[in-house]
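Undergrad: This structure is in structure tokens; I'll ask about it shortly.
The values are calculated or read from the model by the stated rules, or taken from the named source; none is laboratory data. It should be emphasised that the depicted structure is a prediction, and the values quoted were computed from it without experimental measurement. So basically every Cβ, Gly included, is an ideal-geometry build from the backbone, and we count neighbours across all protein chains shown. Please note that ligands, DNA and RNA were not included when accessible areas were found on the heavy atoms of the full protein model with its side chains. Shrake-Rupley method; radii C 1.70, N 1.55, O 1.52, S 1.80 Å.
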Amino acid sequence: VLQNLSQTPVLRELLKEAKMPGTTVKIESPELSMEPQLIKLDQPGPLTLAMFQFLTEMQETKKGVVTPKELFAQVCKKAIRFKGYQQQDSHELLRYLLDGMRAEE
């Protein structure tokens with residue numbers, strides 16, 4: 001899930017812009033024929049910042065092995081079910097991760 005998210009350019013760009021509080025982001029989707037939306041962003045929360053940091057590290061070619069330690073810690077704070085390293089479905093992680101970031105808006 002995290003490798004797929006790291007290869008999502010729109011998400012990486014939005015997180016880069018979201019890192020700066022007070023930024024207005026224009027979201028366009030030509031594929032969906034939607035009107036462009038302007039969204040003013042507040043200070044990002046800890047989960048959003050951890051996601052930004054992780055995706056940034058994933059894009060650095062010289063980094064080598066990247067572990068999502070801080071991101072995982074932030075996910076566990078939002079969804080206690082992930083503590084204890086029990087096996088979970090990847091779609092559950094994706095849902096809790098994106099819902100948690102959205103809740104920080």
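Undergrad: Among ALA50, ALA79, ALA18, which one shows the highest mean-square fluctuation when the chain is modelled as a Gaussian network with alpha-carbon springs under 10 Å?
TA: Result: ALA79 has the largest fluctuation of those listed.
Undergrad: In whole percent, and with a 1.4 Å probe on the protein chains, what portion of the accessible area of segment 1-103 is carbon and sulfur? Show your work: numbers first, answer last.
TA: On the way: 3970 of 7460 Å².
Result for segment 1-103: 53 percent of the exposed heavy-atom area is carbon or sulfur.
Undergrad: Moving to a separate point now. Among PRO36, PRO44, PRO68, which one moves the most in a GNM of the chain with springs linking Cα atoms closer than 10 Å?
TA: Judging by the Gaussian network model, the answer is PRO36.
Undergrad: How far is it, in nm, from the label point at THR24 to the one at ASP89 when both lie 7 Å from their Cα along the line to the Cβ?
TA: Simple spin-label model gives 4.1 nm for this pair.
Undergrad: Another one. In whole Å, what are the extents of the chain along the principal axes defined by its C-alpha atoms, from largest to smallest?
TA: Dimensions of the chain along the principal axes of its Cα atoms: 43, 32, 28 Å.
Undergrad: Next question, about the same structure. Compute, for THR24, the solvent-accessible surface of its heavy atoms (probe 1.4 Å) with the complete set of protein chains present, and express it in square angstrom to the nearest 10.
TA: Its heavy atoms expose roughly 80 Å² to the probe.
Undergrad: Can you give me the relative contact order of the chain as a percent, contacts being Cα pairs under 8 Å and 6 or more apart?
TA: Details: 98 pairs, mean separation 27.2, N = 105.
This gives 26 percent for the chain.
Undergrad: Grab segment 1-103 and count how many Lys pairs have their alpha-carbon atoms under 27 Å apart, sequence gap of 8 or more, or different chains.
TA: Going through segment 1-103 pair by pair, I get 22.
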